[in-house]
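Written below as C-alpha cells is the structure these notes are about.
The values are calculated or read from the model by the stated rules, or taken from the named source; none is laboratory data. None of the values given here were measured: they were computed from a predicted structure. Note that we place each Cβ from the backbone using ideal geometry, even for glycine, and neighbour counts take in every protein chain shown. With ligands, DNA and RNA removed, areas are computed over all heavy atoms of the protein, side chains included. Shrake-Rupley method; radii C 1.70, N 1.55, O 1.52, S 1.80 Å.
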Amino acid sequence: MRELGLSGKYTVIVKIGKPEKYPTDPEDYYCPYQITGIGDEKIKYASGVDSVQALILALQSIGAALY
C-alpha cells in the first residue's frame, strides 16, 4: 500500500496484490490493484505470461490511471 498526496487536497491510496496464476489457465498470471481516493475505486487486474510481467503491467496501469 502506498499513500500519495494529490495537490495537498486529496489522499490517494494505491494497493497492489500478489501476482497469482489464473485458476482457469495455469500458464498465465494476474496481479490485482486498486486506486482509492479518485475514480471508481474498483479492483482491477493486469495479466501477464508470468508473475513479473503481471506486476510490471499493473504498475504501468497504475501510472497511466494516476496521470
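A few notes on this one:
- Single match in ALA58, ALA64 (criterion: within 13 Å of the chain's Cα centre (by Cα) and in contact (Cβ under 8 Å) with a residue 12 or more places away in the chain): ALA58
- Just so you know, in region 1-16 the residues that are under 20 Å from GLN53 (Cα atoms) and among the β-branched types (Val, Ile, Thr) include one that is least open to solvent (accessible area, probe 1.4 Å), and it is VAL14.
- Of the residues making up region 42-63, those that are under 28 Å from LEU6 (Cα atoms) and open to solvent by 80 Å² or more (accessible area, probe 1.4 Å) are LYS42, ILE43, LYS44, TYR45, ILE56, LEU59, GLN60.
- All of (1) among the small types (Gly, Ala, Ser); (2) exposed (fewer than 11 other Cβ atoms within 10 Å of the Cβ); (3) closer than 12 Å to LEU66 by Cβ hold for GLY37 with one exception: (2).
- Filtering region 1-41 to residues that are small (Gly, Ala, Ser) and either in contact with a Ser or Thr (Cβ under 7 Å, 6 or more places away or on another chain) or on the phi > 0 side of the Ramachandran plot (or both) leaves GLY5, SER7, GLY8, GLY37, GLY39.
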